[in-house]
Amino acid sequence: MTPKILSVLYQLRNHCKKLGNAYLATIDNLGHHDHWIGGSDYYVEGSWRWLKTGLGIKYFNWGPGQPSGTNLAEKDCIAIRNYNGTYMWSDEDYCHTQ
């Protein structure tokens with residue numbers, strides 16, 4: 001993840017706080033899949049952590065073939081993607097609103 005991408009994540013986090021002390025979601029179980037995700041493995045590839053708490057992510061719902069990033073320069077964000085009608089997680093090289 002580049003410093004620019006990390007900056008975007010922190011800008012999103014700060015924007016949420018300005019909306020009333022809100023945060024990017026921390027997903028702990030299957031019932032929480034209707035929110036944006038605030039997890040990253042920026043510091044240690046494959047060690048996914050929540051931005052809000054810094055704690056390691058214990059629940060995962062990766063889509064087929066995910067996570068697919070293999071080095072520190074790529075795919076450090078988590079996004080929810082539609083896999084043939086099932087919403088599952090995908091690691092992404094940048095966070096966006098597609």
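Quick note: the coordinates plus some simple rules give every number you see, no bench work behind them. As the structure is a computational prediction, the values presented were derived from the model and not from experiment. Virtual Cβ from ideal backbone geometry, glycine too; neighbours counted across all protein chains shown.
Report note on the peptides 74-85, 9-20: ranked by the mean count of other C-beta atoms within 10 Å, highest first, their order is 74-85, 9-20.
Exceeding 18 Å between C-alpha atoms, which entries from my cross-link table qualify? They are Lys17/Lys52; Lys17/Lys75; Lys4/Lys75. Where the Cα-Cα span goes over 18 Å, the pairs concerned are Lys17/Lys75.
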